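Student: Below you will find the structure I want to go over with you.
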Amino acid sequence: MPYIMDQSPAEYRPKIYLRFLAQTTDPDDFLIREGMFHWMRKYEEMVDQVVSGIFVASEEFAAHLRIAGILAPVYVSGLPYGKEEVRSRIDSNIPIKQRKKRVCFSSRWDDEKQPNFYMDLAEAYYKIDPEVEFAIFCGHPELKSNKQEYVDRALLYEGDRYRLGMANFKVYTGLKKNDYYELLADSQVLFNCALQDWVSNTVSEADTFGTLTLFPAYRSFPEVFANNHNHLYTPWSLDDALEKLQRMFKAIDNEDVSVYNIGKISDYQNGTIGRTLDVLEGKGEQHGRNEWDFRKHVARVKY
């Protein structure tokens with residue numbers, strides 16, 4: 001493609017835009033540990049020579065592209081999400097206080113998602129409130145991971161440790177999309193402890209159904225939550241995660257969750273296609289991060 005583009009007069013070259021999700025600019029992406037880094041970076045450098053622009057979901061991602069030496073124009077548009085389509089899939093509107101006292105985990109059960117931290121949290125919270133269920137939502141017929149030890153520990157927690165009164169833990173497998181949404185809409189909190197996520201659709205899905213979200217203050221998540229500390233805990237701090245989770249359940253019990261950005265995150269991501277079209281039509285320069293003062297946008301809330 002670079003060869004063909006270089007041989008064509010500028011006025012005949014098509015404009016090519018792409019959406020960049022992760023790859024070699026993400027230090028925790030699985031392709032790095034799987035030995036794919038070197039050829040993937042070469043591919044990215046080739047693509048950088050021919051595209052007219054790159055769409056990313058967050059300011060933090062834009063910074064990483066610049067650090068990696070990407071030269072093409074970069075636009076922060078959000079992550080494509082269809083809120084109405086998601087909401088229309090199920091007929092559920094359970095008030096949050098009436099839902100099952102459940103914390104759910106919707107990421108892959110792989111190393112970069114830190115499953116052990118989630119299971120440590122489940123065991124520690126059982127001593128605070130044994131009625132709270134900690135769940136894994138999985139679309140595969142059985143729980144899978146890139147490390148079998150995570151599967152073994154999860155099944156131990158669901159089985160023997162539950163019977164021994166050490167954890168309230170459940171693994172939901174074989175979930176179709178609508179099954180997942182039904183469970184999500186009947187849960188009170190979505191928890192995340194991933195290294196590898198930037199902006200995740202699981203955030204928007206939970207937000208769509210009014211489920212509270214608790215994520216590490218890591219990478220793009222402060223930006224995603226408009227710097228609202230109530231949604232964020234100190235990364236790798238079990239004590240802080242426990243404290244923030246207790247606050248959430250207390251707010252739910254008191255029927256006052258006004259400090260949380262419920263519905264706003266999914267509304268912003270729902271506008272991603274519109275922002276993308278604005279850029280394609282030449283009307284979206286405000287989304288460009290192509291000057292060296294682009295970091296000033298990080299502290300600006302988007303909703």
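Student: Among the residues of segment 256-303, write down those that are free of Cβ contacts under 8 Å to residues at least 60 places away in the same chain, of a type in the set (Phe, Trp, Tyr) and either loosely packed, with under 15 Cβ neighbours inside 10 Å or closer than 28 Å to residue 16 by Cβ (or both).
Tutor: 292
Student: I'm checking my understanding of the structure. Among residues of segment 27-41 that are at pLDDT 90 or above and closer than 22 Å to residue 75 by Cα, which one is surrounded by the most Cβ atoms within 10 Å (Cβ to Cβ)?
Tutor: Applying the filter and picking the extreme gives 41.
Student: Yes or no: segment 224-239 includes at least one residue that is in contact with a helix residue (DSSP H, G or I) (Cβ under 8 Å, 6 or more places away or on another chain), exposed (fewer than 14 other Cβ atoms within 10 Å of the Cβ), in a loop (DSSP other than H, G, I, E, B) and of a type outside the set (Asp, Glu).
Tutor: Yes, there is a match, as at least one residue in segment 224-239 is in contact with a helix residue (DSSP H, G or I) (Cβ under 8 Å, 6 or more places away or on another chain), exposed (fewer than 14 other Cβ atoms within 10 Å of the Cβ), in a loop (DSSP other than H, G, I, E, B) and of a type outside the set (Asp, Glu).
Student: With respect to residue 86, determine if the residue is under 23 Å from the mean Cα position of the chain (by Cα) and surrounded by fewer than 21 Cβ atoms within 10 Å (Cβ to Cβ).
Tutor: So residue 86 passes the test.
Student: Do we have any residue at all in segment 110-121 that's basic (Lys, Arg) and either modelled with pLDDT of 95 or more or not in a helix (DSSP H, G or I) (or both)?
Tutor: No, the conditions are met nowhere in segment 110-121.
Student: So in segment 1-53, with the set limited to residues that are within 23 Å of residue 194 (Cα to Cα) and among the β-branched types (Val, Ile, Thr), which one is farthest from the chain's Cα centre (by Cα)?
Tutor: Here the answer is 32.
Student: Just give me the residues in segment 33-68 being charged (D, E, K, R), under 30 Å from residue 147 (Cα atoms) and not in a loop (DSSP other than H, G, I, E, B), in sequence order. Break it down stepwise before answering.
Tutor: Filtering segment 33-68 down to residues charged (D, E, K, R) leaves 33-34, 41-42, 44-45, 48, 59-60, 66.
Narrowing further to those that are under 30 Å from residue 147 (Cα atoms): 33-34, 41-42, 44, 60.
Those that are charged (D, E, K, R), under 30 Å from residue 147 (Cα atoms) and not in a loop (DSSP other than H, G, I, E, B): 33, 41, 42, 44, 60.
The values are calculated or read from the model by the stated rules, or taken from the named source; none is laboratory data. Here the structure is a predicted model, which means the values were calculated and not measured. Reconstructed Cβ throughout: ideal geometry from the backbone, glycine too, with neighbour counts over all protein chains shown.
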